[in-house]
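Here's the structure, in structure tokens; my notes come after.
The values are calculated or read from the model by the stated rules, or taken from the named source; none is laboratory data. Note that the structure is predicted; figures quoted are calculated from it, not measured. Using ideal geometry, Cβ is built from the backbone for each residue, glycine included, and neighbour counts are taken over all protein chains shown.
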């Protein structure tokens, strides 16, 4: 058991947690929490660190040769959270090429119909069972999310999670977008980071142009639009373009939009949280695609 | 200028930031950030604290007799954020009675149609102008959000913000729900905390029963349902019931549901973030109500 925070392995992890540069240099990041560790593809896990309590309740974890037991104090030092779950993994980054995003077969993202359990009151708890994939569905047009300078790690993580759930084929981010390997972002994705293809585009505007050339219709969420999002047709190949939390989309990005749309809002709300706006639009696209 | 963190006023604020009990005893909470301070109703503001830099760039703020200038070091000590904006207010809590939630005239929450600016590419920035209220709309059936044991402060704040935007008449929370006056929650509401009526129900299940007696149809977000949320009719008076992030709705709360619904999900996502799920359903209700 590692009991000293001066241990080199521990210092290594702390640097990966704290520094984007360190992560990029070593092509490694830290995934903290049970779900994030257990959903990581096995061949991408470099090492696992967990507390004695965690190891005792998860006997499998300590037998695979890459797991180190650390004291609670050491784990607290490594952890990015206030209430650590007692497990984290060092995971290899996985590069996606922009081509792969456009060529992902979206069929694998289509939801399958769950077993009918009736629509009345149901007293069972939330099920931990994943919705199974259904490869028999007909091919679906790609839906790609374009993010310009999203800055909040939690927002980015939530968008990745919602994007997988809504059946997006991938995410294209501007270089000004927060690091997807930020520990908080990784946690917020709840495992979707391992499954949703994403790229940081060196030339974000070039990527938008590329998408248009490939036939994607670009919908930009823009508060100055008067066109409601549910009036748009999302059933064709399309991109959804979401801007920065504070300043919205840049004029330059907005120029690539085939259609600007707004989520009509009541009260005195100026805008929705960026992750909410992205999610509402993605699920409207999903809703429309269910009825094709 | 206050330069010592030992100053009694500063210690007072720090206690309000840190402790729910202190907030409840004194019926006061702390709203940090420019938007949260400037949107607070004037008659509810007890005192304002800001840095010299903030006062210099906002000359009005220091002239009203309730504003204290504090040093950057003192402000950093009081602040709940890593990158403080340099302003916070101590604000009086505002009690809502459960009756008021049901009797709120939902008309004031209806969105007005914005001036048509065309639906094509638009190069203007996000507008800071609030959507104006439109009291000429016909009366709308209430939409009330019921939250059982939401634990994450950011999720709760985001739900409050989305609820105002979606035109909800109010929010009823179980006592196990995180404190809405938690500094992070207050920030995440982006000012909606001052406008959306809410209550913590001592008897949450009794409140659900009360809502049903008043004719509200209760829709419960439940992963075991096979009924898609967009197949439900949200145009009548209704309640949307959302459960805890980890364990979902309790069987007892689920018993009050007239209809259980699910957001169909692709990929291997087990569930959406609770705030996302609430927002997607609320905006589907809004969408349906726009077409009444």
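Might you let me know whether the range B:43-51 holds any residue that is part of a helix (DSSP H, G or I), within 22 Å of the chain's Cα centre (by Cα) and not assigned by TED's automatic domain parsing to the domain that holds residue B:185? Yes, because at least one residue in the range B:43-51 is part of a helix (DSSP H, G or I), within 22 Å of the chain's Cα centre (by Cα) and not assigned by TED's automatic domain parsing to the domain that holds residue B:185.
Within the range B:1-15, being in contact with a strand residue (DSSP E or B) (Cβ under 6 Å, 6 or more places away or on another chain) and exposed (fewer than 15 other Cβ atoms within 10 Å of the Cβ) holds for one residue alone: B:1. Of all residues in the range B:73-99, those satisfying the criterion of being surrounded by fewer than 14 Cβ atoms within 10 Å (Cβ to Cβ) and part of a helix (DSSP H, G or I) are B:73, B:99. Against the test of being out of contact with any strand residue (DSSP E or B) (no Cβ under 7 Å at 6 or more places or on another chain) and assigned by TED's automatic domain parsing to the domain that holds residue B:173, the options B:232, B:228, B:250 yield a single qualifying residue, B:250. If you go through the range A:16-45 and keep only what is in contact with a strand residue (DSSP E or B) (Cβ under 9 Å, 6 or more places away or on another chain), loosely packed, with under 13 Cβ neighbours inside 10 Å and without any contact (Cβ under 8 Å) to a residue 60 or more places away in the chain, you end up with just A:43. Report yes if some residue within the range A:85-100 is modelled with pLDDT of 95 or more and out of contact with any helix residue (DSSP H, G or I) (no Cβ under 7 Å at 6 or more places or on another chain); otherwise report no. Yes.
Taking the residues in the range B:233-262 that are part of a loop (DSSP other than H, G, I, E, B) and crowded, with 19+ Cβ neighbours inside 10 Å as candidates, determine which candidate is nearest to the other protein chains (Cβ to nearest Cβ). First the steps, then the outcome.
Initial filter on the range B:233-262 (part of a loop (DSSP other than H, G, I, E, B)): B:233-237, B:243, B:245-247, B:249-250, B:255-258.
When the remaining residues are screened for being crowded, with 19+ Cβ neighbours inside 10 Å, the result is B:234, B:243, B:249, B:256-257.
Working: B:234: 13, B:243: 8, B:249: 8, B:256: 8, B:257: 5 Å.
It comes out as B:257.
If you go through the range A:59-72 and keep only what is in contact with a helix residue (DSSP H, G or I) (Cβ under 8 Å, 6 or more places away or on another chain) and either in contact (Cβ under 8 Å) with a residue 60 or more places away in the chain or not in a helix (DSSP H, G or I) (or both), you end up with A:67, A:68, A:69, A:70, A:71. Taken together, A:193, A:199 contain a single residue that is at pLDDT 95 or above, surrounded by 22 or more Cβ atoms within 10 Å (Cβ to Cβ) and assigned by TED's automatic domain parsing to the domain that holds residue A:150, which is A:193. Is it the case, given these coordinates, that residue A:265 is free of Cβ contacts under 8 Å to residues at least 40 places away in the same chain and either part of a loop (DSSP other than H, G, I, E, B) or under 23 Å from residue A:160 (Cβ atoms) (or both)? Criteria met by residue A:265. Would you please name the residue that is farthest from residue A:171 (Cα to Cα), looking only at residues in the range A:208-225 that are in contact with a strand residue (DSSP E or B) (Cβ under 7 Å, 6 or more places away or on another chain) and within 11 Å of chain B (Cβ to nearest Cβ)? Restricting to residues being in contact with a strand residue (DSSP E or B) (Cβ under 7 Å, 6 or more places away or on another chain) and within 11 Å of chain B (Cβ to nearest Cβ), the top hit is A:225.
Yes/no per residue for (1) modelled with pLDDT of 95 or more; (2) over 30 Å from residue B:140 (Cβ atoms):
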residue: A:232; (1), (2): yes, no
residue: A:242; (1), (2): yes, no
residue: A:247; (1), (2): no, yes
residue: A:254; (1), (2): yes, yes
residue: A:260; (1), (2): yes, no
residue: A:263; (1), (2): yes, no
residue: A:271; (1), (2): no, no
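Taking the range A:268-292 as the range and being part of a loop (DSSP other than H, G, I, E, B) and under 30 Å from residue B:41 (Cα atoms) as the test, the residues that pass are A:268, A:269, A:270, A:271, A:272, A:273.
Filtered by the rule that a residue be within 13 Å of chain B (Cβ to nearest Cβ) and not in a loop (DSSP other than H, G, I, E, B), the range A:189-204 gives A:189, A:192, A:193, A:194. Filtering the range A:2-11 to residues that are within 17 Å of residue A:29 (Cα to Cα) and either out of contact with any helix residue (DSSP H, G or I) (no Cβ under 9 Å at 6 or more places or on another chain) or part of a loop (DSSP other than H, G, I, E, B) (or both) leaves A:8, A:9, A:11.
Taken together, the residues in the range A:151-169 that are within 22 Å of residue A:284 (Cβ to Cβ), touching a helix residue (DSSP H, G or I) at 6+ places or on another chain (Cβ under 6 Å) and within 12 Å of another protein chain (Cβ to nearest Cβ) amount to 11.
Could you tell me which of the residues A:237, A:211, A:201, A:221 is under 23 Å from residue B:288 (Cβ atoms), touching a residue at least 40 places away in the same chain (Cβ under 8 Å) and within 23 Å of the chain's Cα centre (by Cα)? Walk me through it before giving the result.
Details: A:237 fails: under 23 Å from residue B:288 (Cβ atoms); A:211 fails: under 23 Å from residue B:288 (Cβ atoms); A:201 fails: under 23 Å from residue B:288 (Cβ atoms).
The match here is A:221.
Taking the criterion of being within 10 Å of the chain's Cα centre (by Cα), over 22 Å from residue A:87 (Cβ atoms) and touching a residue at least 40 places away in the same chain (Cβ under 8 Å), the residues of the range A:172-198 that qualify are A:197, A:198. Based on this model, can you work out whether residue B:120 counts as assigned to a loop (DSSP other than H, G, I, E, B) and modelled with pLDDT under 50? Taking the combined requirement at face value, the residue satisfies it.
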